[in-house]
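The values are calculated or read from the model by the stated rules, or taken from the named source; none is laboratory data. For clarity, every value in this text was computed on a predicted model and none was experimentally measured. Cβ atoms come from the backbone with ideal geometry, glycine included; neighbour counts cover every protein chain shown. Quick note on the areas: whole protein, heavy atoms, side chains included, nothing else; ligands and nucleic acids left out. Shrake-Rupley method; radii C 1.70, N 1.55, O 1.52, S 1.80 Å.
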Amino acid sequence: MTTTYETFLDYANRADPYALFPELRRTPVARQPDGSYVVSTYREIVSLLHDPRVSSDLRNLPEIANIRISPDDAAPQLPPEFIRRDPPDHDRLRAMVMKHFGPPGAPGRVAGMEPRMREIITELIDGLVGRSRIDIVDDFAYPLPVTVICELLGVPRPDEPLFHKWSQIAVGTNDPTTGTIVERNQLRFETLAKLGQYLNGLADAHQREPGDDLLSALVTDGEMARPDVLSTAALLLIAGHETTVNLIANGMLTLLRHPHVLERLRQDPGYAVNVVEELLRYEPPIHMPGPRRTALADIEIAGTTIPKGSVIVLVLASGNRDPERFPDPDRFDPDRRDNQHLGFGGGIHYCFGAPLARLETRLALTELTRRLVGPRLVADPPPYRHTPNLRGPLHLLLDIDGVLPAH
Amino acid sequence: MRVVVDLTKCQGYGQCVFAAPDVFRMPHHETLMYELDSDETKRDQVLRAAAACPVRALLLDEEITERQEKTSAGDTGVGRIVIVGASLAGLRAAATLRREGYAGKLTLIGDEQGEPYDRPPLSKQVLSGQIAAADTMLPRRDQLDAEWIRGLAAVGLDLAARQVQLADGRTVGYDRLLIATGVRARPWPDAQEAALDGVTVLRSRQDAAELRRRLAARPRVLVIGGGFTGSEIASVCRELDLPVTVAERGPAPLVGALGGVVGRIAADLQRENGVDLRCGVTVTALEGDREGRLRRARLSDGSVLDVDLAVAALGTVRNVEWLEGSGLAAGAWGVGCDAGCRAFDVNGIVCDDVFVAGDVARFPHPVYGYQFLTLEHWGNAVSQAHVAAHNMISPSGRLRPHLSLPVFWSAQFGVNIKSVGVPTFADEVAIVQGSVEEHKFVAVYGHRGRITAAVTFDEAMWLDFYRDLIERAAPFPPDFAMVGRSAPPHAVPAEIPARIPAIHDATVMVTGHNPDERRATLVSAGTT
């Protein structure tokens, strides 16, 4: 028998997984045939996000701890990134990067990127002039965050085809439908090793000639060991690549499905703040966090005991639609009060790049709605990417009547 | 644009700083400092910060937009509500009344001039000079539709006539009364010494402005009392690179609230930050020069300190004098009430029309053996005011109990200290996560094998987990495997100092022989 969760993973349901969530939530903590536990209700997800008995370090599973990729001096296996680590290592590593990205060390850094983001957005939309059919994903939602993360990290934009391939493979390894957890992690380690090798060359270059980018900051301040620098850079590069693209594309799709909201945003750019938050609840780019969690002890929750050693899957997107927490949860309503969504997770692993994603998406949606004339969906639903974890359109084709000037 | 952060909710995600770096600052790992009243140019930043907060902890102006339909207020015949005490608890109660549909007359009486303000920043960003004492106003509640009586104290209460007497001789009638008069700083006990130029306390906005002015002159500072207020003042002094001595009667700072084990960690924190911390001593005399300026302090160990400024941080005195002779069970211990916030009269019987909330309330907490607690916490003022207001306009069958666990926080020496539960209701304590050496850890308190409290130093994100354990009466010590734990927890005595409850100050006589005539009379309430 197929469980609701397995049905949800089925690519056939990618366009509307939400229809399955009420059924999924009927068992808030549901044991799967493979022994993992799927958690789908808001209260239980929040509780487990803050439960110190839940580990993000898959090395707690012996079969993963023992994975060794074939020895290759040129591309050594990287240590797990900080989102796949537990305290105290997690806290230390995250703080070392945060020092150069946000408070306390660099509180204004992200806000200071706004003018450059506006420039990139303007250029990308200018590039659509003269066309009647555009792809929001390829023409805009992908290149924007990639350019931003490349400039922030200090990775040359022209190398994009190279690391885009690795990034896609790595993200694919989060997809439970593509193999066993061991097979997928084996592939992930191998892919990250190649990406790490590439980043190591860059790190050397930045050490010799530092710029004002994050990679330069990490290698020059010397706090973080080189293998961790490479893991961290790989994490940020991939996350910067594969998440915001979905938020922007899901955003345009949702706005076009709710023309009154789109119109209001066109009239009142300040509305974008609430639109973005509601998108993070209603159409989040991450339906389940990629790093699986494991129980370090028996955990009693919602009448079920998750046994020690079990894999735990948190379906954040389902928690976001939980009627016990959000009135009328399937309604897209940016005026919603008390919108304490799970779009960026919660607890110590709360999305590191959240401020960047918020800012990019707010500026992007504001400018797209303002400048695109008469945008219409060519296909609804659009074709989706394969992975159920990072859910978003593969392409989002729009017909437009024109593009307004930048100002 | 005004904003107040509910720091009981804040978990230190820092999203407000990213969104509004001109308004919010996180100078260390988890402590949040911010402007409460920023100019209109920063309005968009503040709105973005409020939307980005993962726990929705930012409170802005004009929040009462959703009003319930007129509810039970009509059924209970309440047409006049008077709130005495127009600070946090009073204001929050008023907002709840309106939000829950109360449409009758609402009067707020406060003895301070000006709009209600938020006190926690006074010992932090105001003292350090980041914001002015005047810029601490609580967010506006424009739709309160209330009559304000400001700068005028309530001086008496007539329970039979349902009237509050004001200092100017007027009376204000009520159908329901909320007492939220709070506390004031306990002054230095020697009146002559207290009058010296350079001897101060910190409680009100004026106190904070005065203390800030004096700190700006870079004095040598003595803080008398190592509780939370005293420790925060010492922390700001060190931030300003001022020499500061803390004289604490107990064996370590914060002992009264957190016990000896965590107190010693707080002591290390103070010393590492350059505080001249002296424990187990009292200040026996403050001496001035001929101009009446403070010059020296004498300590019980015989030492003499040359100081220019002494801040008495000796705790608080409850504002209950106005209730003397009213027939309520009010005294040095506060105003007694049940878990539904209904005040006790002197006989210990609840009144149906007088309610109590905030720092002045003394209420039984079921989770803590039904012991009567007084809690001088921001979060308690908010949650208790909410319950009191709800119950004031609800029929007796729909009363809510005030069951929320106490939560408080303190920012000192770059560390965000948070607590849930009642740490003094404990016999043992264990460090269960993190590292004491790095001042980043979780301490869990237990009483007879049950978890009763948890205290975090820069680990606020885990606090709710422990709150749930307390609510489930989970066994102590929590011995399951956890992230951030290197060894099984080792429970040690919590070293909670014995305390004589203020209620012992009450002298009550019982008169009458016939069961219908027997009455209690409060002879001394220990208020003087």
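When the label point is put 7 Å from the Cα of residue B:289 along its Cα-to-beta-carbon vector, which residues of region B:185-200 have a backbone N closer than 19 Å? Of the residues in region B:185-200, B:193-200 have backbone N under 19 Å from the label point off residue B:289. Counted as membrane-span-like here are DSSP H helices of chain A whose alpha-carbon atoms extend 20 Å or more along the helix's own axis and whose Kyte-Doolittle mean is 0.0 or above; these are A:226-242.
When you count the other C-beta atoms within 10 angstrom of each residue and take the mean per peptide, A:169-178, B:396-405, A:274-283 line up highest first as A:274-283, A:169-178, B:396-405. Given R0 = 22 Å, the distance between the Cβ atoms of residue B:437 and residue A:221 translates into a calculated FRET efficiency of 0.45. Which residue fluctuates most in the GNM of chain A (Cα springs below 10 Å): A:320, A:246, A:66? So, out of A:320, A:246, A:66, the one fluctuating most is A:66.
Peptide A:358-367 shows a mean partner chain C-beta count of 1 within 10 Å per residue C-beta. The string of couplings for region A:174-179 from the Karplus curve (6.51, -1.76, 1.60, θ = phi - 60°) is 7, 7, x, 7, 9, x Hz, one whole number per residue in order, with x for Gly and Pro. Ligands, DNA and RNA left out, the 1.4 Å accessible surface of region A:262-350 is 45% carbon and sulfur atoms. Of A:149, A:121, A:69, which is the most mobile in a GNM of chain A whose springs link Cα atoms less than 10 angstrom apart? Among A:149, A:121, A:69, the largest mean-square fluctuation in the Gaussian network model of chain A belongs to A:69. Most simply put, the protein assembly as shown has about 70% antiparallel DSSP beta bridges, counting only bridges with both residues inside it. For residue B:316, nonlocal amide neighbours, meaning residues 5 or more places apart or on other chains whose placed amide H falls under 5 Å from its own, are B:186.
With both residues required to sit in chain A, DSSP beta bridges show an antiparallel share near 85%. Only Cα pairs under 8 Å and 6+ residues apart enter the sum, and on that basis the relative contact order of chain A stands at 26 percent. Only the Cβ atoms of Lys and Arg (+1) and of Asp and Glu (-1) were treated as charged; on that basis the dipole of the protein assembly as shown about its Cα centre amounts to roughly 880 debye. Placing a pseudo-label 7 Å from each Cα along the Cα-to-Cβ vector at residue B:487 and residue B:472 gives an inter-label distance of 2.7 nm. Shielding of peptide B:21-32 by partners, expressed as the average count of other chain Cβ atoms within 10 Å per residue Cβ, is 3. For residue B:40 and residue A:133, a Förster radius of 30 Å and the Cβ-Cβ distance give a FRET efficiency of 0.10, rounded to the nearest 0.05. Farthest towards the positive end of the charge dipole of region A:4-403, among the residues A:314, A:145, A:192, is the Cα of A:314, using unit charges on the Cβ of Lys, Arg, Asp and Glu.
Each Lys and Arg adds +1 at its Cβ and each Asp and Glu adds -1 at its Cβ; summed about the Cα centre, chain B shows a dipole of about 300 debye.
When you count the other C-beta atoms within 10 angstrom of each residue and take the mean per peptide, B:165-171, B:107-113, B:412-418 line up highest first as B:412-418, B:107-113, B:165-171. Picking from A:78, A:202, A:162, which is most flexible by a Gaussian network model of chain A using Cα springs under 10 Å? Result for chain A, Cα springs under 10 Å: A:162 fluctuates most.
Relative contact order of region B:186-317: 33 percent, from C-alpha pairs under 8 Å at least 6 residues apart in sequence. The mean number of Cβ atoms from other chains found within 10 Å of a Cβ in peptide A:328-338 is 1, as a whole number.
Using only side-chain charges placed at the Cβ, +1 for Lys and Arg and -1 for Asp and Glu, the dipole size of region A:4-403 relative to its Cα centre rounds to 420 debye. Ordered from highest to lowest accessible area with the whole protein assembly present and a 1.4 Å probe, A:308, B:440 read as A:308, B:440. Measuring only protein heavy atoms, the 1.4 Å probe finds residue A:41 accessible over about 10 Å².
Taking a virtual spin label 7 Å from the Cα of residue A:401 along the C-beta vector, which residues in region A:121-148 bring their backbone nitrogen under 15 Å of it? Label zone hits: A:132-133. Once the 1.4 Å probe is applied to the protein heavy atoms, region B:414-493 comes out at 36 Å² accessible per residue. Of all lysines in the structure, the ones whose alpha carbon falls short of 18 Å from that of residue A:194, not counting any fewer than 8 places away in one chain, are A:165. Full extension of the chain between residue B:371 and residue B:209 gives 54.6 nm of extra length, using 0.36 nm per residue less the Cα-Cα distance. A probe of 1.4 angstrom, applied to the heavy atoms of all protein chains, finds residue B:378 with accessible area near 30 square angstrom. For region A:318-407, the residue among A:351, A:397, A:383 whose Cα projects farthest onto the positive side of the dipole built from Cβ charges is A:351.
Note every residue of region B:457-482 with a reduction of at least 30 square angstrom in accessible area, all protein chains present versus the isolated chain, computed with a 1.4 Å probe, or write none. Checking the loss per residue gives B:461, B:462, B:465, B:480, B:481. For residue B:507, the solvent-accessible surface with a 1.4 Å probe is about 70 Å², rounded to the nearest 10.
Toward the positive end of the charge dipole of region B:179-304, with +1 on the Cβ of Lys and Arg and -1 on the Cβ of Asp and Glu, the farthest Cα among B:283, B:209, B:230 is that of B:209. Using a 1.4 angstrom probe on protein heavy atoms only, the contact between A and B buries about 3000 square angstrom of accessible area, both sides summed.
Taking the 1.4 Å solvent-accessible surface of chain B as the whole, the part contributed by carbon and sulfur is 48%. Summary of packing: across the peptides B:88-98, B:509-519, the per-residue average of other C-beta atoms within 10 Å ranks them, highest first, as B:88-98, B:509-519.
Here residue B:321 and residue A:338 are evaluated by their C-beta separation; at R0 = 45 Å the FRET efficiency comes out at 0.65.
Contact order, relative form, for chain B: 13 percent (alpha carbon pairs under 8 Å, 6 or more residues apart, mean separation divided by residue count). Annotation: per residue accessible area for region B:186-317 equals 42 Å², rounded to a whole number [probe 1.4 Å, protein chains only].
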